[in-house]
1. Can you tell which of Q135, Q202, Q287 shows the greatest fluctuation in a Gaussian network model of the chain with Cα springs below 10 Å?
2. With a sphere of radius 13 Å drawn around the Cβ of F233, what net charge do the other residues whose Cβ falls strictly inside it have (Lys, Arg +1; Asp, Glu -1)?
3. Quick check: pseudo-label points 7 Å beyond the Cα along Cα→Cβ at V4 and K27, how many nm apart are they?
4. Just tell me which lysines come within less than 21 Å, Cα to Cα, of K257; anything on the same chain fewer than 8 places away is out.
5. Taking the Cβ of R149 as the center, what net charge do the other residues with Cβ under 12 Å away carry, scoring Lys and Arg +1 and Asp and Glu -1?
6. From the phi of every residue in the range 201-218, what ³J(HN,Hα) in whole Hz does the Karplus formula 6.51 cos²θ - 1.76 cosθ + 1.60 yield, where θ is phi - 60° and glycine or proline is x?
7. Students often get this wrong, so check it: of K203/K344; K83/K331; K162/K203, which have C-alpha atoms separated by over 24 Å?
8. If packing is taken as the mean number of other Cβ atoms within 10 Å per residue, what is the order of 100-108, 211-219, 324-332, highest first?
Amino acid sequence: MDKVRHLIEPLDFTTEELEDLFKLADKIIENPKEYAHECDGKILVTLFYEPSTRTRFSFEAAMIRLGGNVVGFSDPDSSSVTKGENVPDTIRIVSGYADVAVIRHPVEGAPKAASLFSRIPVINAGDGGHQHPTQTLTDLSTIRSKFGRLDNLKIGICGDLKYGRTTHSLVDAMSRYENNSFVFISPDELRMPAYICDELKQKGQTFKEARTIEEGISDVDVFYMTRVQRERFSDLDEYERVKDSCILTPEKMKLAKKDMIILHPLPRVNEIHPDIDDDARAYYFRQAERGMYIRMSLLLHLLNLAGDFCRNNTASEHEVVIAEGEAEMCKNPKCITANESALKHRYYVHRNGVKTCDYCGRIIE
Ligand code: CP
């Protein structure tokens, strides 16, 4: 029986596997009709515990364009989640109805928990402030389409680096390619989490931090803008204080390189001035469109319809340890283990001895 592969974080795929995904997405863009029946008879289930426009619609459109069908919910209140059904039971049930599942959840590690109980591939469509790997596939594919490579690039990441899960996934993914460097631009309150900066330091990765766009924009190849995530703040006064701290304007764009590209996972609020939409460097709308094609490629790969992808070893296979005592348990209050008490705490030990939660990725201290 073929191995079931999941996509929970970008590192689940090797860089060679990612290249396969990007190449197939490019072929689909060139000739979409050739793929119109590749998923005939297949069913995608979308479990969206949080709102979405791009991720849900692009996944649904991807499956329909491949000839398959879609079931699911866009609001958990319309499902038996309201009766108290947990993530493991929900995925156990839909595993019998569909061929592949996409899950977005406000709790960090929920898609990982789902994958442990699933008989079908599970795709993480965003889990709290943790990861959003299919956005990262979209981002990488867009960068690759512009520069023809994913190495030797300087990437500025701006805005809500604390809660912005797309920024965390992007850093994980781009730090695997040679000679990339990062500029993290944010107010102090929204800095990149320490555990991510620590990982970068341990890998010897070059990065610097800046407080303003003017300080950080001048020599980057990619400027990755993000929205301040109001929904993740427990203190709304703090949100009000920081929400307008980084806004990209035509004036600030004068400081940027002529061949830089601006990416944004979208939705935007006010952080990119609308006049920039007509600038040739504004790539965010075509980035969102590319997201559908990369998701078509991903579905074909995970459904074993694109060569022997799913029979390969996974990139992220690692020895997982079940926590035995309090000291080995994840303390992140936003982790799925804090929300679903029946789940066993799991962690893995990195080469340097650091332990991280297998669900939410936080260091266990
Ligand atoms: N980029 C992104 O995840 O957008 P949605 O929240 O609309 O899916």
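The values are calculated or read from the model by the stated rules, or taken from the named source; none is laboratory data. Nothing here was measured: the structure is a model prediction, and the numbers come from that model. Note that each Cβ is placed from the backbone with ideal geometry, even for glycine, and that neighbours are counted across all protein chains shown. Just so you know, the surface numbers come from the protein's heavy atoms only, side chains and all, with ligands and any DNA or RNA stripped out. Shrake-Rupley method; radii C 1.70, N 1.55, O 1.52, S 1.80 Å.
1. Q202
2. On the way: positive: K162, R227, R230, R232, R241, K243, K334; negative: D160, E189, E231, D235, D237, E238, E240.
Overall, the nearby charge balance is 0.
3. Spacing of the two 7 Å Cα→Cβ label points: 2.7 nm.
4. K146, K154, K208
5. On the way: positive: R144, K146; negative: E19, D151, E178, D221.
Summing Lys/Arg as +1 and Asp/Glu as -1 gives -2.
6. Along the range 201-218, the couplings run 4, 4, 7, x, 7, 7, 8, 9, 10, 9, 9, 10, 4, 4, 6, x, 7, 5 Hz.
7. Working: K203/K344 30 Å; K83/K331 27 Å; K162/K203 20 Å.
From K203/K344; K83/K331; K162/K203, over 24 Å: K203/K344; K83/K331.
8. The densest-packed peptide leads the list: 100-108, 211-219, 324-332.
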